[in-house]
Structure formats: structure tokens, C-alpha cells
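Report on one structure; see the data block that follows.
Just so you know, all these numbers are worked out from the coordinates, no wet-lab data involved. Everything numeric in this text was worked out from a predicted model, so none of it was measured. Reconstructed Cβ throughout: ideal geometry from the backbone, glycine too, with neighbour counts over all protein chains shown.
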Amino acid sequence: MNHVKKSHTDEVGKRSYVNFGHLNGEHPFKEKVPGGRVEYKARYRKGGKVAYFNFDLAKDMGLIAKTHAHQLNPDLEKEILETFSLTIINEYDVINNIKFPEEDIYPNTFMATRYLQLQHPDKAGRTSGDGRTIWNGYVRHNGTTWDVSSCGTGGTKLSPACNINKKFYQTGDPSISYGCGLSEMGEGLETLFFSEVLSKNNFKTERILAIIEFEKGISINVRANPNLIRPSHFFGHLKQGNFETLKQVTDYYISRQIENKSWEQLTFKSDKEKYFYLAQQTAKSFAEMSAKFEDEYIFCWLDWDGDNILMDGGIIDYGSIRQFGLFHAEYRYDDVQRFSTTILEQKQKARYMVQCFIQIADFLTTKKKKSLSHFKKHPIMLTFDKHFIESKNRNLLNKIGFKKNHVDHLLKYHLPKVTKFRRVFSYFERSKSKRGMYKVPDGITRDAIFCMRDIMRELPQLYLAKGTILSHSDFIEIIKSSYAKKSDLKLTEIRKKQIHRFQSTYMSFLNAIEKDHHSSRAQQLLELTMRSSIINKYDRVTGDSITFIVEKVMKHRPKLNSDELYDLATQFANYQNLNPDQKTGSTKLPERHKNIMQNFYSIVRECREGI
Amino acid sequence: MNLVFYSGGNDKENQSLDRSFVELLGKKNPVVTFIPSSSYLSEQEFKSFVRHYSKFKIHRFIHFPVDVPFDNILFQEVMRSDAIHMAGGNTFYFLHCLRKAKLLPQLKTFAQKGGLLTGLSAGAIMMTEDIEMAAYPEFDRDENTVNIKNLSALNLVDFLFFPHFRNSSRYDTVFKKYTKESEKILYACPDGAGIVIRNDEIRFIGKCYAFSKGHKFNIN
């Protein structure tokens, strides 16, 4: 049986899902950045089942019609499997002359891209990149071009194992884990549940398009995003001083941003203007991203290789992503050889990456690679710092529950008040337990003791009901988290002053809006009560809760088909949608699924203050 | 005691009941607490509730989900509210959570001390002796997803309440049969109809029906 599509035009008119034909290995990066990729032949991988398909995303990408039912049919299933169920024919296969049936081999090659990765001994990106991923191709729909890549499609020569052990591995070799080129169902599900929640909450992120399941929990996890390029795609060539390939990657990336109209400015008078505009955009995106990560307690292991993030600050690779329930600012992941950065160190890493993009712009303009320190005080670095603070201020006002026009007004006319509130907010948010640092299963941490979401949610309703501010002890009673011990909660003079400052500044916002916008204090508090109850919902997902939810899903998996999994993931993301301006409707679920969802809610609730 | 039993329906259908509710509040600038039957997406329900009752010049509200832990400060304000509204949803889950949070005696005291207690559908059934009506009739019942056995509720009135009633022979048959063996009167209210109790005086709003000793009676 011939499983392989020869070309997307082969069966036009006969096929119901023509646009899948574009995902055939062809990608402009291959031609435009020849030094930035490795190409592999691939063969159809038998035995796969569609475990999940993201109908919603597929509609945005134009892969299925807007009116398509959220149900797999035999044609669609066949299309998904023929497109994504593949394994590369890697160096091991070639050297060992392993033969595969001709009819199973895809006509085009698929690329693995090169990028810098700090776990490679080379440390300069000569050997690193997509170690178990290939790019399926791209599709263009409604003015947006989407990249699609698949993880778990076989071991490439860019994997750390290949380069550390200096040998090629057969795909699936049980003697190594990460380097064997396969991925697991659990990884796919974790990315699915986490990315759908974060995407609903306006985080830029990769999203899971499909999961193909094989025996023994092995899977191919297909991801999509309008641009899957990471800073590390630039940094390897920068480190090597490879002007030609660096210019190619940069030009390629910029052309996609222009094509997708992702930037405000789309034409440039000179290369210099274009490359510095890229650096400027990176400064803004990374400032916004690192501020949002801090404010939403997202732990993303940012490091100098720029491997764990997309160019627009979007999240990629959920392996090390966590969301904390409280500001556990000293948590470090233990990666055996070293500890990760903390949530507060992410900003410095993001800033470092921006500095690298200024270095890139300068290098591409002058053809001379100056040292990174040369750009320490470049004006674009100030853009980053300014934008970071602005983003922090905006995030905080949004968290209180103010509407956009009130946020804009407070930022424009009452900035000192906002700054004052941010300081006092940080005082509580960053207060630590007297217990000190201790070990957790995957790292070390020191507990935060206050839950800012609780106070932000309750404050407006209590002010509204009581008509007065809270006493010191009432304030502490509300804000204390389950991590706080009696000794952590002492009402010292400093703490009393901070409680007073917190409440008086909060009130001063209301007074300012009352005066300038003629909106009474009661009206504002009512509006804040409603908005804040959504924004600061009691149950918010954490990294631990996602892990436990995925364990539950894995247990239910044999009985859950792909459509059911789609419904559950969608329902879960709706439940975690904390956008007060979006109406969230619940869909009718069968009784069996209601129980599963109930289980999910309990998990989220139990883990809500953890890591 | 002051109680309002809402069956269900939209804002327009409930106009008369709402007017009675506001009359019973009888106070300027009251505080109204909204207790959802489940915290799941209850923020959206709360928003709709606030938007609706703001039209009656009520501007102070508390959102008080009972299936998540709460602090004593907010709870005290809830008990000081002028009215507490219990929303609709799965009656079994709602009762399970109210009992787990030890709120049944507190709500009973609130009502007995003159606080205005209102309920819609599941919330209204909660004010009766037990929630058996939620499991009845078989073709229109809540699932006992939490598998609770003790169905006793607030027991504030001596009648049974059935919300979302449809005036059809299908319902008539089962309710006649049910009340043949029951000492209690069953009041069945279609959406938009309901019952108002003011100082122990009962008033029916909209077209309501009573089932007693195997017979059906029209009210209003």
C-alpha cells in the first residue's frame, strides 16, 4: 500500500484536505539558509494512530474548513497520518545500509535546523540544533504563514547524544533516552494542555496541532506557530562569526515578519535600518515577555543560547516550563550538572539576548563583529529597560482589574502612584518564608508566603461591602498563603506601614479615576469586583497541576478517542481563561467527561499555590 | 422569614419575582451575596447576576463560591449581607459543598434572623427540607455525581419545590403519583414563576401548580 503523498498537486480535486499537501517537507528556509539546516529523507512510519487533532488551530491555519465538524473522519485521519507519521532516514540508517520499501519513502527531504544549544560540547552551534525534530513545511492562510514541525521523528546528527558520544544512533535506540530521536505521549499532552491554556490567556506560544500515538507511549508531537525561529537560530552563526549564514537567517526571519505583517514597519530604506529595527523589535518583545513571565509567575529557563524561546517571546519546548501559584522567586530547576536560572534572573537573560541582537545588527551592517560588551549602553538597551518597566506597570493595573482606558489613563497621568503601588505590591509578593531554602523533587526552592491573587480578588468586594479599608490583621488573614507559618505573619511596624501603603495607594487610583473620569468609587469597585474575580480566579493552573492532569489523561487514554481528548483540552483551556473581556461558554460534556473535568478542577485547586 | 424561590428563565420572565425581591430587600444600597452552585465558570455567572441586579440600583455584591476554601473575613461580610442568592446548577454537588463547608446551619440562621435568602432552581430546592426533587422525575433529574446519600437541606419551608416545570401530562402523572404517598404539598413552577415568602406569608408569582394527595391544582 502506498502511504506516501508524492506532491500536494497530485490529487487535487480528489482529496478533501488539499492544504495538508503543503506540509511535504518543502520550506523556504531550506533554500534561503542552506548553511542553517540538515536535510533528511524520510519514510512512512506504520502503526500510528491520531491521538489528538486540534480542530480549532487547523481552522486558523486553513487545513480544514471553518465549518468542519470537530470530529475525525476516515479521510481526515488518513491525511493526518500520511502527512505526519514519518521517521527520518538518518546517518545510522545510511551507514548501515538499512533498506526501506521504496513506496514508503517520501519524495521530498525534511530539514532539521541548526541552532545554538548550551548542552553541546561545541558551545558554538556547529553541531547542535533540532535533535529529534523535523520541519514538515508551511501553510499560508488568511494572510498568515504558519510553520509546522514535528518532534519525535527520529534522531538527527544535531542531537546532544550524537555529539557528546561521537557516534550516530539508530532511531529508538534504547541505550539512550533523549538522543534516541523519539518523543513520548506525556510530553505531547503536557505541551497540549499547557500551551492551550497560555494561548487562551494571550501568551505567545507554540501550539500542538496533532499527536500521533504509537505503541509503548511513543508519539510524534506536531507543533505550529506563525514563525518557529528562535534566537538560537541566529546565535550559533553569530558565535562562529559566520557572516553569510547569519545574514541569511536574519533576512529570512525578517521577510517572514513582513509577509505576516507582524511588524508595524514593513519597508526599510537600508539594510542598517532593517537590522536595527529587528533589534528594536526584539527589545520590545523580550521586555514584554520577561515582564509577563515575572508577573504571571512563568518559569521558563531562559539562557544565553536563546534555545527555549521564540523570536517574538513566544514559548517553545514545554519540558522546563512551569507556572507557579505564588511568586516562588528562588526556585531553581536541578539539571544534574547545573541549576537553572530563577524567575527573577530571566529578565537579565532576556536583556542579554537583546544585546546580542544589537551585536548582530552591527555585525551585519559593518561586517565587523565587535565584542558584546561594546553594546552594553546602546540606546536599544534603554528601550528594553523602559519597556520592561512599562509592561510591569501595565500588567499590575490589569491584574487589579482596571479596564484598558483606565489603565492608559493611570499610566499617563498618575505614574508616580503606579510606581508606588508596584513597590508595595512587590514587598508582599516577594516576602519569603523563614523556613529558608529547601530541596524539592526537581530542584530547590524557598516559599513565598503571600497569595497576591487572593487579596486582589477580595479587596474590591470587601471595600464595597464594608465601605472602609481593612484592618492590618484582616489584610494578613486574606493574603496569607498555605506556605505561611505563624512566624512568617508577624505584624511588624514595617509590615503595618506596607499594608497601609498598599490600601491607600489602591484607593488613590479609585480617587484619581473618580475625579478624572467621573466614575464613582462604588461603580469602579463593582467593575473591579467582577473583572478581578476572573483575572484572579481562585483556581489557576500551575506546572505541578499540569503534570498531574496529564497523568490522569494517560490513565484514561485507552478509552479516550482523539475527539474526546480535543473536547477535554478545549474545555480545560476555557475554564482557565482569565480574560475578563472574553465570554467563556461551557460546552455540554458527556457525564463520563464531567467526572474527568471534575478531577482536573480538584487537581488545579490542590496545586494552586505550588510550583 | 423572607425567601424567594425562582424557578428559572430569563430576565424578562422573572420581572415580577425580581420586583418582589427588591421590595423585600427594602433598603437603600444593600449588599447582595451570590453563591454559585459550583465555582466552575461561576465568575461569568456572577458577572451576569451583577449586570442584571444593577438595573435595580443594587451596587454592592459579593461573589462567594463554596467549593473553594474561603477566609473568615469574607465569610463575615457574607453573613452581614442583606440578601444571599443561591444559584442554579447541580443540586447534589451544591448540597455536598455547602455541607462540606459547614454552611447549612449558618445559612439557616441567616434566614431565621430575617436575612433575605433567595434561590434559583437548585438554590431554591436547597431551601426545602431535602433535595429529593432534584432526583425526580427520572426523565428530568440531576445526576448525583458526588454520590451523596444524606439529602437533607435547609428545611426552611414545609413544602416541596420543583423548578422548570412543564405543564404536561408526563409531569402530571409522576407528580400525582409522588404526592399520593407524601404528606407535603409540591409546588411546581415553570420558568419565570416562583414563590415569595414574606414574614411567613406565602405568595405565588406567575402560573404555579400544586400537587397534593395525588391531585393537581392550578394556582393563579
If neighbour count is taken as other Cβ atoms inside 10 Å, put A:His518, A:His328, A:His414, A:His472 in order from fewest to most. A:His518, A:His472, A:His414, A:His328
Measuring from a point 7 Å past the Cα of A:Asn96 along Cα-to-C-beta, which residues in the range A:161-193 have an amide N at less than 17 Å? A:161-163, A:165-182
Please turn the phi angles of the range A:197-202 into ³J(HN,Hα) values with the Karplus equation 6.51 cos²θ - 1.76 cosθ + 1.60 (θ = phi - 60°), one per residue in order, whole Hz, x for glycine and proline. 5, 5, 5, 4, 9, 6
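In the range A:543-606, how does Rg compare with the Kirkwood Rh, expressed as the Rg/Rh ratio over alpha carbon atoms?
0.96
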10 Å Cβ neighbours from other chains, averaged over peptide A:467-474: 1
Treat the count of other C-beta atoms within 10 Å as a stand-in for reagent exposure and order B:Leu156, A:Leu528, A:Leu76 from fewest to most. B:Leu156, A:Leu76, A:Leu528
When DSSP assigns beta bridges and you keep just the ones with both residues in the protein assembly as shown, what percent turn out antiparallel, to the nearest 5? 75 percent
Report, in whole Å, the centroid distance computed from the Cα atoms of the range A:17-38 and the range A:228-300. 20 Å
Enter the Cα centre distance for the pair the range A:312-341 and the range A:415-479, rounded to the nearest angstrom. 22 Å
May I have the extent of the alpha carbons of the protein assembly as shown along their three principal axes, as whole Å values ordered from largest to smallest? 89, 69, 50
Work out Dmax and Rg for the range B:20-80 from the C-alpha atoms and quote the Rg first, both in angstrom. 12.1, 33
Given N residues in the range A:490-552, what is its alpha carbon radius of gyration divided by 2.2 N^0.38 Å? 1.69
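As a footprinting exposure proxy, order B:Ile195, A:Ile134, A:Ile535, A:Ile164 by other Cβ within 10 Å, with the fewest listed first.
Numbers: B:Ile195 25, A:Ile134 29, A:Ile535 21, A:Ile164 14.
Ordered from fewest to most neighbouring Cβ atoms within 10 Å, B:Ile195, A:Ile134, A:Ile535, A:Ile164 come out as A:Ile164, A:Ile535, B:Ile195, A:Ile134.
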Anything over 29 Å Cα to Cα? Flag those among A:Lys261/A:Lys292; A:Lys49/A:Lys123; A:Lys78/A:Lys559, in the order listed. A:Lys49/A:Lys123
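Among the listed pairs A:Lys32/A:Lys349; A:Lys490/A:Lys583; A:Lys272/A:Lys386; A:Lys370/A:Lys399; A:Lys392/A:Lys594; A:Lys417/B:Lys102, give every one whose C-alpha distance is greater than 31 Å.
On the way: A:Lys32/A:Lys349 29 Å; A:Lys490/A:Lys583 41 Å; A:Lys272/A:Lys386 23 Å; A:Lys370/A:Lys399 42 Å; A:Lys392/A:Lys594 38 Å; A:Lys417/B:Lys102 42 Å.
From A:Lys32/A:Lys349; A:Lys490/A:Lys583; A:Lys272/A:Lys386; A:Lys370/A:Lys399; A:Lys392/A:Lys594; A:Lys417/B:Lys102, over 31 Å: A:Lys490/A:Lys583; A:Lys370/A:Lys399; A:Lys392/A:Lys594; A:Lys417/B:Lys102.
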Under the √(5λ) rule applied to the eigenvalues of the Cα gyration tensor, what semi-axes describe the equivalent ellipsoid of the range A:231-389? Give them in Å, descending. 28, 17, 15
Looking at the range B:2-219, send over the antiparallel percent of its DSSP beta bridges, to the nearest 5. 50 percent
Computed ³J(HN,Hα) along the range A:471-484: with the Karplus parameters 6.51/-1.76/1.60, θ = phi - 60°, integer Hz and x for glycine or proline, the list is 6, 4, 5, 5, 4, 5, 4, 7, 7, 5, 9, 5, 7, 7
Percent of Cα-Cα pairs per 10 Å bin, from 0 to the last occupied bin, for the range A:491-611, please list those. 11, 29, 25, 18, 13, 4, 0
Helix A:271-295 versus the longest principal axis of chain A: what is the Cα-based angle in degrees, 0 to 90, to the nearest 10? 60 degrees
Per DSSP, the loop-located GluC sites (Glu not before Pro) within the range A:177-275 having at most 14 other beta carbons within 10 Å are A:Glu264
Rounded to whole Å, give me the distance from the Cα center of the range A:50-68 to that of the range A:74-132. 24 Å
Mind checking which of B:Phe64, B:Ser54, B:Gly114 is farthest towards the positive end of the range B:40-120's charge dipole, using Cβ charges of +1 (Lys, Arg) and -1 (Asp, Glu) about the Cα centre? B:Gly114
